[in-house]
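Q: Below is one structure. I have some questions about it.
The values are calculated or read from the model by the stated rules, or taken from the named source; none is laboratory data. Please read all numbers here as calculations on a predicted model, not as lab measurements. Ideal geometry is used to build each Cβ from the backbone, glycine not excepted, and the neighbour counts take in all protein chains shown.
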Amino acid sequence: MPVLTEQPSTGDVLKYEVNPNYTREVITLLIGTPYPVGSVLGKITASGKYTLSPATGADGSQVAVGVLLYAVDATLADAVGIVVARGPSIVSRAGLAYDGTVDDGTKITAKIAQLAAVGIIARDGV
């Protein structure tokens, strides 16, 4: 019998939010990559579009401001996504997906602190 693997879902990432009408936003994701559920996103100041939040940068996206709730394929064009953009909300730390430059514990801790600044708390074991 073949082994079936279920892709991560919103329930694997979002554990609590006070009110979806308050905490969620519809956003535009920058062209060029498939964004998995749980992507930690930053907002590009000049365009207002969102992308994976890198460890460093100068375009605004280096500050994590949201977590993507549904996987979105934006490889060929900008795409629309839904993010949890403010709290109070709780996400699973294990369900978060980071840019490739966020590659060690210190950088991950910095991203989690940036999310906490907008009320999105990342917790282990939830």
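Q: Inside segment 59-91, can you point out the residues that are under 22 Å from ASN21 (Cβ atoms) and polar (S, T, N, Q)?
A: Across segment 59-91, the qualifying residue is only SER89.
Q: Give segment 16-46 a look and list any residue that's in contact with a Ser or Thr (Cβ under 6 Å, 6 or more places away or on another chain) and acidic (Asp, Glu), or say none.
A: The answer is GLU17, and nothing else.
Q: Let me ask you something else. Filter segment 34-68 for residues that are of a type in the set (S, T, N, Q), over 11 Å from the mean Cα position of the chain (by Cα) and surrounded by 16 or more Cβ atoms within 10 Å (Cβ to Cβ) and give the result.
A: Result: SER61, GLN62.
Q: Let me ask something else. Restricting to segment 1-19, count the residues that are surrounded by 12 or more Cβ atoms within 10 Å (Cβ to Cβ) and either at pLDDT 95 or above or of a type in the set (Val, Ile, Thr) (or both).
A: 7
Q: Taking ALA97, is it under 11 Å from the mean Cα position of the chain (by Cα) and not charged (D, E, K, R)?
A: Here the answer is yes, as ALA97 does meet what is asked.
Q: Here is a further query. Exactly one condition in (1) aliphatic (A, V, I, L, M); (2) surrounded by 16 or more Cβ atoms within 10 Å (Cβ to Cβ); (3) under 28 Å from GLU6 (Cβ atoms); (4) in contact with a helix residue (DSSP H, G or I) (Cβ under 9 Å, 6 or more places away or on another chain) is not met by ALA71; state its number.
A: Result: ALA71 passes all but (4).
Q: For segment 78-97, check the following and say yes or no: at least one residue is in contact (Cβ under 8 Å) with a residue 60 or more places away in the chain, closer than 11 Å to TYR35 by Cβ and surrounded by 13 or more Cβ atoms within 10 Å (Cβ to Cβ).
A: yes
Q: Limited to segment 11-28, what total is found for residues that are more than 11 Å from the chain's Cα centre (by Cα) and in contact (Cβ under 8 Å) with a residue 40 or more places away in the chain?
A: Matching residues across segment 11-28 total 12.
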